[in-house]
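Report on the structure given below.
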Amino acid sequence: MRCFLFAVLAGALLAVPAGTARAEEEACRVMEFHFTPTDELQIVVWLEDSAGNFEETVFITQLTGVYGLGNRPGMMEFNSAWAWPYGRRTTTFPVWAHRHGEGPFPQLTFQNSDDTNLSHPLSMSSREPFFCRPLRPGESAWDTQTCASIVYTDKGTFSETETSLYPPRIDHNYVTGTDSTDVETFGQINPFDAMSRATPVGGMMHKIVFAIPEGLVDGDYVAWVEVNREFDQNEFYDYPSPTGIPWSEYGLGYRGQPSVVYRVPFTLGVGDALSAVAEEFYGYGDPDGLDGNIREPDGTITTGVDGSGASRLLVTVDEQDTFRFRVTTRPTDDNLNPGAPGNFDAIDVLSSSVTATFVAPGNDDMEGTVAGYEIRYRPGAPMAPGDFDDSDMINAPTIQPQIAGALQQVTFSNLVPNTNYYFAVRAFDECLNKSPVAILHVKTPRQETAEVDACFIATAAYGSAMETDVTDLRAFRDVALRSNVPGELLVAGYYTFGPALAGAIRPSETLREFTRAALEPVVRVAKRVTGSARTRLRNRLGLR
């Protein structure tokens, strides 16, 4: 399969894939894909020839392409919430998944093989760079959509028997002794890094530009877009939360209406711009993600409600067309590289976020408006311009490119306190010419106040109230300590002084490691006391 180059234009998406700039004397031809999404969609765009042969994935939202939404440890039926870390979402793009021809990939499971449990040992859980811990409805972080604390998750291991049509995540660096060695290969087997981009903000028309390579010959093609959204329930599709499993009170049932697809046949040829449009959805995918067949539109899919079912892509009206999905092919001539982003500087630095500005370069050196920006980052390690392509993409908001000389602003969220970050930005134009790289170094301050969970010190030390050692300590408290007067007095004293100590421990990895070591003897006792009770509970639930 060819790996084509594409770029995302102004007002569209944040980044452009790696690729070589074109020679100054060479013009390029492009395809433009236009649509207006609603909020919180997962989107994939691909091309097929007129005979139905798959050509190329043009664009995929990075939650699936980079962060492994379709192939994560944990059963598909797990609940969901903002930045939820676990559960393989195999219903996201079933049509595309069964057509793209890559893989199959090994399916991920938890390292302890317990795919029905949200809680996993810290010894198998490394620091989480993107997702948050599972949350219960009503927690403060639920509404603010922020990670409540530093998070550790099990990145999984390859199943010896099961495969997946979705790639694993590629944003995490392998941690020796904690992660499965399979994690080292994630980046090698995921082919969708180059075309993965941040989820577009709803309500704006977005334009994806695909620079047509010489290998794509003139002729008839079909452009497809498949769109999925969690929590899009209706009377026909409303799946309940799982029952009879640990931690079922966390998150909410996410499964609703299946993915919908839009289809546009078009002709690629030499000459003036040609456009083709789709005004209605073409069909929908398997609600269970088991096959790649397209179901014809019927009364089970919601219509006429913006953001739901058939209206996940909005009707767009411009001077030329009315459409939900439009494809345009046209020649262009863009021979100069964009100028460098100027004065890249931080204007607001908090413990968990950084807001920065830079002066917009021009599309041709310092003239005009660039097509878009790519931003990458490195936590901890210094970053030079030559490191750009090997650094991590960041899930930053869409940057609307402004004319050269205007001030651009971007905010990076969910950062870790007391950490050095290196952010880098470069501009690109519609022919994939790249600008020089601008780099910003920022160190986030220590967290001044800390919100702690009810388990205070243990939760701060282990990173989550759901970590199995914390669960054992909580059970030990309830079973052994609260059954007698001296133990009850000890618990009361802990609740008096625990929050202050936890607030001091949580921002410091050194103190966290020291506290875990100090708690280890207590954990061993707690496991002996609570082990038999846990075994009886698992047997009663039928979880072996």
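The values are calculated or read from the model by the stated rules, or taken from the named source; none is laboratory data. Here the structure is a predicted model, which is why all the values come from computation and not from measurement. We place every Cβ from the backbone using ideal geometry, glycine too, and count neighbours over all the protein chains shown.
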Do you know which residues across the stretch 241-272 are at negative phi, in a loop (DSSP other than H, G, I, E, B) and more than 24 Å from the chain's Cα centre (by Cα)?
Thr243, Ile245, Pro246, Gly269, Val270, Asp272
Would you check which residues across the stretch 307-333 are closer than 14 Å to Val227 by Cβ, of a type in the set (A, V, I, L, M) and assigned to a strand (DSSP E or B) and list them?
Leu313, Leu314
Would a scan of the stretch 53-67 turn up a residue that is assigned to a loop (DSSP other than H, G, I, E, B) and free of Cβ contacts under 8 Å to residues at least 12 places away in the same chain?
yes
Residue selected from the stretch 415-460 under the condition touching a helix residue (DSSP H, G or I) at 6+ places or on another chain (Cβ under 8 Å) and at pLDDT below 55, by the criterion surrounded by the fewest Cβ atoms within 10 Å (Cβ to Cβ)
Thr449
Can you find, within the stretch 158-184, the residue that is nearest to the chain's Cα centre (by Cα) among those that are under 25 Å from Gln42 (Cα atoms) and among the β-branched types (Val, Ile, Thr)?
Ile170
Regarding Asp220, is this residue surrounded by 16 or more Cβ atoms within 10 Å (Cβ to Cβ) and touching a residue at least 24 places away in the same chain (Cβ under 8 Å)?
no
Any idea which residue in the stretch 130-155 is surrounded by the most Cβ atoms within 10 Å (Cβ to Cβ), counting only those that are modelled with pLDDT of 80 or more and in contact with a Phe, Trp or Tyr (Cβ under 6 Å, 6 or more places away or on another chain)?
Asp154
Trp96 passes all but one of (1) closer than 17 Å to Glu160 by Cβ; (2) among the aromatic types (Phe, Trp, Tyr); (3) crowded, with 23+ Cβ neighbours inside 10 Å; which number fails?
(1)
Residue set Gly289, Gly362; condition part of a loop (DSSP other than H, G, I, E, B) and on the phi > 0 side of the Ramachandran plot; output residue Gly289
Scan the stretch 156-165 for residues that are surrounded by fewer than 19 Cβ atoms within 10 Å (Cβ to Cβ) and not charged (D, E, K, R) and report the count.
3
Scanning for something under 20 Å from the mean Cα position of the chain (by Cα), under 27 Å from Arg312 (Cβ atoms), modelled with pLDDT under 95 and outside any loop (DSSP other than H, G, I, E, B), does the stretch 206-216 turn up at least one residue?
yes
Going by the structure shown, is Arg99 at pLDDT 95 or above, more than 26 Å from Val201 (Cβ to Cβ), in the same structural domain as Glu230 (by TED's automatic domain parsing) and more than 19 Å from the chain's Cα centre (by Cα)?
yes
Which strands (runs of 3 or more DSSP E) sit wholly inside the stretch 370-446 and have at least 3 residues that are among the charged types (D, E, K, R)?
372-379
What do you reckon, is Arg72 in contact (Cβ under 8 Å) with a residue 60 or more places away in the chain, charged (D, E, K, R), in contact with a Ser or Thr (Cβ under 8 Å, 6 or more places away or on another chain) and in a loop (DSSP other than H, G, I, E, B)?
no
